[in-house]
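Peer 1: What follows is a structure written as structure tokens; I'll ask about it next.
The values are calculated or read from the model by the stated rules, or taken from the named source; none is laboratory data. Only a predicted model underlies this, so the values are computations on that prediction, with no experimental measurement involved. Methodologically, a virtual Cβ is constructed for each residue, glycine included, from the backbone with ideal geometry; neighbour enumeration extends over all protein chains shown. In case anyone asks, the SASA skips ligands and DNA or RNA and just uses the protein heavy atoms, side chains included. Shrake-Rupley method; radii C 1.70, N 1.55, O 1.52, S 1.80 Å.
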Amino acid sequence: MAEGVLADQVGARLFGIGEHHPVPNFAVSAPDVVLATIAGQTSRILLGSAVTVLSSDDPVRVFQRFSTLDAVSGGRAEG
């Protein structure tokens, strides 16, 4: 989350987090939750998923969660 906040502070345009489950180095299994937390601490940066594993999730639920992220971030979610 600190990297997303720093990216906003230095003027980066987009910050993306990939969804990964089994590998210890990629421990983000709920990128929408992490991105929502970053949204609450930033004001300009666009937020998006670098990887979404649709085979392990319901595509409608993914859409709903990222639509909610878009709403709480003031339209900063990127699909």
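Peer 1: For the chain, what does -39500 (n - 2.57) per DSSP helix run (n ≥ 4), summed and divided by total residues, give at 222 nm, in deg cm²/dmol to the nearest 500?
Peer 2: That calculation yields -11500 deg cm²/dmol at 222 nm.
Peer 1: Counting Lys +1, Arg +1, Asp -1, Glu -1, what net charge surrounds Ile38 among other residues with beta carbon under 11 Å of its beta carbon?
Peer 2: In short, -2.
Peer 1: Between Ser56 and Gln41, what is the label-to-label distance in nm when each label sits 7 Å out along the Cα-to-Cβ direction?
Peer 2: It works out to 2.4 nm between the two label points.
Peer 1: Continuing with this model, one more query. Which sequence of Glu19, Glu78 reflects their accessible areas, 1.4 Å probe, from the largest down?
Peer 2: Sorted by accessible area, descending: Glu78, Glu19.
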